[in-house]
Amino acid sequence: MAKTYRVTFEPEGRSVFALEGTTVIEAAGRAEIILNLPCGGKGTCGKCRVEVPVGSPPHSEKELEHLNEDEVRRNVHLACQTHIHADMTINIPSETRFFEQKILVEGAGREVALEPGVKKVFVKVKEPCLEDQTADVDRVLESVKDMASDARVDLDTIRTVPDRLREGKFKITVVLNGNELLSIEGGDTTEHTYGVAFDIGTTTIVGMLLDLRSGKLVATASRTNPQVVYGDDVISRISYAMENKNGLAELQERVVAAINEIIAEICRQAGVNRRHVYEVFAVGNTTMHHLLLGVHPKNIAQAPYVAAVRKSIETRAADLGIHINEYGRFHAMPNIAGFVGGDTVGVILAAGMMHSDDLKLAIDIGTNGELAMGTKDRMICCSTAAGPAFEGARIKFGMRAADGAIEKVVIRDDVEVNVIGRARARGLCGTALIDAVAELLRVGVIDSTGKILAPEEANGDVPDAVRKRIVPGDMGYDFVLVPGSDTPSGQPVLLIQKDVREVQLAKGAIFAGIQILKHELGVKDEDITEVLLAGAFGNFIRRSMAKRIGLLPDIPTDRIKFIGNAAGAGSRMALVAKGCRREAERISAETEYIELGGRPDFQNEFMMAMMYPERLNHE
């Protein structure tokens, strides 16, 4: 088995195990740390600088073109040009991090101004006396008139003002949400102003605590979406809501409970009292959006697939049962259509696609595949039912990317695998699934129809050790990735023929969707300047492998870029910048949705995309 090494990223202190030869970029992605790569990892921009105090390798000639003598002495490297060769510690500065730069400095050629919805101001209110009997609320409003003229105050807040004014000895912090006075707090609490951005996925939920004064990320946490017990896709959950009297309420309660657990965890991590969290901003596909809000999504599942609401939603967080400040606000990103939701709006927002002269394609690969393509002049999108194969579901030995999951497969003289956590292999996650199929296609064990060939049928150049791994299965032949002697169960980890078919269905749906978008815009592969891979899964796949199985267009690999959890980044941007909220509304209103269901051209493209490419123009 190939060597693996521990790589520790600072200042987070996150450690992952990486296969020898893995780039720092890939290892950082494994640690859920996304780096800024303006040149797509070609080593030409020199902006992905990291420090390697432990395990620093010799500098390459390409690195020396960008680094000065002091940087070389301090073991500064370019992440895209540095490969894992030993146990390493890597410090990643803020300017190298993709999302911090995206939100607070610049991204995709534009600046984002920090302008959170909630602000706090410390004021000293003049105390009343017999000569000045101005009402308490009027006194407070007068003190903040420069920041919020004609501010509104609701009855619940009015009831708290007299006591809090006096408890604070008329030295108070006023919490403002635009032109609305949310609450007042005794003393100066301006240093404690937080919000949480959520990405509510079909499979996972990610929460990010941000300091609203600076826009900086303070803590993150994630959970498996507890709604998975009702089905691993949106249609299953809609069906549950329709077929059970309390189904909608159960689904909503599940996701709200997970949100509250995450809020509690990230507040605990950061030492923040949740009463100092004043806003929650969430993105998700349209079904997840509706279920969180308690809006029935039944019409999304049946033609003409209509959502109940498209525009953004703002309400009290407490009305949804979300545990933050009692007067805190909840915001939901606007949707685009029934099967393209706020998560896609978040991707387009984070990637700056509506500001680009160049044609870009964004792909968010999850249980569904959401695709967006266009420029500042026209943006179109669609959704494909890719299924959960890439997330490990419906795969014989599929599993989440957890300890014991194979995450990388390489075939040389034999099969080499990288297992998460240096554990013994228990199964394989989505990235390894793509690797395995791609490598077996390359060496000639799988043919273009997706058939695992018998040992005697396989390409004559297949190494003997690899050929011996082809074994009889229920649907023809299977392939042994890890023998039973190397697994904790004693049973081998297999790639079975049915798994290969599941991959064909998933990648075929996504690729066919891409073809339809190209037809609609009248463009070809060579016109696409960038393919942006969004989502946690998209960040981990090896681009060459994804092209080899026909998941991505056959374009030069350096045009394919990882943008990580861009939906979550969009949520963060909207949380800290009201300008981004306005832009999100424009994206929602102006992006054209292409419905693939029932289109003969989609069915034709899907059938063709089921085949695996025999060769590539851009290896």
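Data for the structure
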quantity	calculated
Qualifying residue in region 237-252 (condition: within 23 Å of VAL118 (Cα to Cα), touching a Gly at 6+ places or on another chain (Cβ under 8 Å), at pLDDT 95 or above and surrounded by 14 or more Cβ atoms within 10 Å (Cβ to Cβ))	no
Count of residues meeting criterion [out of contact with any Phe, Trp or Tyr (no Cβ under 9 Å at 6 or more places or on another chain) and crowded, with 23+ Cβ neighbours inside 10 Å] in region 396-407	2
Condition met for ILE84 (closer than 26 Å to VAL531 by Cβ, touching a Phe, Trp or Tyr at 6+ places or on another chain (Cβ under 9 Å) and modelled with pLDDT of 90 or more)	yes
Exclusive hit being of a type outside the set (A, V, I, L, M, F, W, C), within 18 Å of ALA249 (Cα to Cα) and either free of Cβ contacts under 8 Å to residues at least 24 places away in the same chain or crowded, with 24+ Cβ neighbours inside 10 Å (or both), set HIS290, HIS296	HIS290
Residue match in region 368-382 (condition: assigned to a loop (DSSP other than H, G, I, E, B), crowded, with 19+ Cβ neighbours inside 10 Å and touching a residue at least 24 places away in the same chain (Cβ under 8 Å))	yes
Test: LEU428 is in contact with a helix residue (DSSP H, G or I) (Cβ under 9 Å, 6 or more places away or on another chain) and at pLDDT below 95	yes
Some residue of region 563-573 being charged (D, E, K, R) and under 16 Å from LEU349 (Cα atoms)	yes
Residue satisfying condition, being among the basic types (Lys, Arg) and under 21 Å from the mean Cα position of the chain (by Cα), within set LYS507, LYS498	LYS507
Region 285-315: number of residues that are over 22 Å from the mean Cα position of the chain (by Cα) and among the polar types (S, T, N, Q)	3
Number of the condition not met by THR224 [criteria: (1) within 21 Å of GLY341 (Cβ to Cβ); (2) surrounded by 20 or more Cβ atoms within 10 Å (Cβ to Cβ)]	(2)
Subset of region 537-551 (residues that are modelled with pLDDT of 90 or more and either in contact with a Lys or Arg (Cβ under 7 Å, 6 or more places away or on another chain) or of a type in the set (Lys, Arg) (or both))	LYS547, ARG548, ILE549, GLY550, LEU551
So ASP358, is it touching an Asp or Glu at 6+ places or on another chain (Cβ under 9 Å), surrounded by fewer than 24 Cβ atoms within 10 Å (Cβ to Cβ) and part of a loop (DSSP other than H, G, I, E, B)	yes
Residue within region 127-136 that is farther than 30 Å from ALA197 by Cβ and among the polar types (S, T, N, Q) present	yes
Unmet criterion (only one of (1) touching a helix residue (DSSP H, G or I) at 6+ places or on another chain (Cβ under 6 Å); (2) buried (at least 17 other Cβ atoms within 10 Å of the Cβ); (3) modelled with pLDDT of 90 or more) for PRO162	(2)
Count of residues meeting criterion [within 16 Å of PRO226 (Cα to Cα), without any contact (Cβ under 8 Å) to a residue 60 or more places away in the chain and either in contact with a helix residue (DSSP H, G or I) (Cβ under 8 Å, 6 or more places away or on another chain) or not assigned by TED's automatic domain parsing to the domain that holds GLY207 (or both)] in region 253-286	4
Region 572-593 - residue that is of a type in the set (Val, Ile, Thr) and modelled with pLDDT of 95 or more and, of those, surrounded by the most Cβ atoms within 10 Å (Cβ to Cβ)	ILE587
Filter result for ARG213 (basic (Lys, Arg), closer than 23 Å to ALA308 by Cα and in contact (Cβ under 8 Å) with a residue 12 or more places away in the chain)	no
Hits in region 183-211 - residues which are within 30 Å of HIS290 (Cβ to Cβ), of a type in the set (A, V, I, L, M) and crowded, with 23+ Cβ neighbours inside 10 Å	VAL196, ALA197, ILE200, ILE205, MET208, LEU209, LEU210
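The values are calculated or read from the model by the stated rules, or taken from the named source; none is laboratory data. Remember, it's a predicted structure, so these values are computed and weren't measured experimentally. All Cβ positions, glycine included, derive from the backbone under ideal geometry; neighbour counts span all protein chains shown.
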